[in-house]
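Dropping a structure here in structure tokens format, bear with me for questions.
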Amino acid sequence: MRTARELEACGKLVVESGLLARRGFELWVMAEVPSVLFNLERYRALGIAGISIGSNDLTQLMLGADRDSELVAEVFDERDPAVADYLQQLIPRARALGLQTSICGQAPSVYPEYAELLVSCGIDAISVNIDVVDHTRRLVAAAETRLLLDAARRRGKETS
């Protein structure tokens, strides 16, 4: 979704299709364009339950770099500070609005620091290819452990 207008049009189609009547159906938005951050409140008001971040497309649109182009592929990097800063705003903002958050893409399974970034932002779910599920689980567990240890150390310093 790029705009609330598009979501409204999509929502009408969903209502007409009868999908909303199905138990457990939720309307989510793919967060692949930077405008999603600025439209989150509007999207929530239109009934979305969550966002799924498409990390490859988001990175491409944040950096203006097509990962498949020989001319600019070297610029494509999900770990770029601009992308990381965006996620550090998007995920907590969505959670503050009561929206669920998810991400799909290869970065969490390839880069331990990316998994840690997502965990520190409070991501609810990470979707990866089946062949890297166990590896990604270990990365997430390590990131969660680091965050818990850091929090415990901070509490220990505050009480001493």
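The values are calculated or read from the model by the stated rules, or taken from the named source; none is laboratory data. Everything numeric in this text was worked out from a predicted model, so none of it was measured. Cβ coordinates were reconstructed from backbone atoms using ideal geometry, including for glycine residues, and neighbour counts include every protein chain displayed.
Let me confirm something: among 94, 65, 73, which residue is on the phi < 0 side of the Ramachandran plot, surrounded by 15 or more Cβ atoms within 10 Å (Cβ to Cβ) and modelled with pLDDT under 95?
Answer to the check: 65.
Considering only residues that are over 11 Å from the mean Cα position of the chain (by Cα), not in a helix (DSSP H, G or I) and not hydrophobic (A, V, I, L, M, F, W, C), which ones fall in the range 126-159?
129
Which pairs have Cβ atoms under 8 Å, sit 6 or more apart or on different chains, and link a residue in the range 5-25 that is within 13 Å of residue 48 (Cα to Cα) to one that is among the small types (Gly, Ala, Ser)?
11/47
Could you grab me the full set of residues in the range 15-73 that are hydroxyl-bearing (Ser, Thr, Tyr) and either over 16 Å from residue 3 (Cα atoms) or touching a Pro at 6+ places or on another chain (Cβ under 8 Å) (or both)?
Result: 17, 55, 59, 69.
For (1) surrounded by 11 or more Cβ atoms within 10 Å (Cβ to Cβ); (2) on the phi < 0 side of the Ramachandran plot, each residue gets a yes or a no:
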residue	(1), (2)
104	yes, yes
116	yes, yes
122	yes, no
149	no, yes
157	no, yes
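I've got another one for you. When you look at residue 106, is it closer than 22 Å to residue 140 by Cα and either at pLDDT 95 or above or of a type in the set (S, T, N, Q) (or both), yes or no?
So residue 106 passes the test.
Hey, any hits in the range 44-57 for a residue that's basic (Lys, Arg) and either outside any helix (DSSP H, G or I) or over 22 Å from residue 98 (Cα atoms) (or both)?
Within the range 44-57, not a single residue is basic (Lys, Arg) and either outside any helix (DSSP H, G or I) or over 22 Å from residue 98 (Cα atoms) (or both).
Among (1) of a type outside the set (Val, Ile, Thr); (2) under 24 Å from residue 62 (Cβ atoms); (3) under 16 Å from the mean Cα position of the chain (by Cα), where does residue 49 come up short?
The number of the failed condition is (2).
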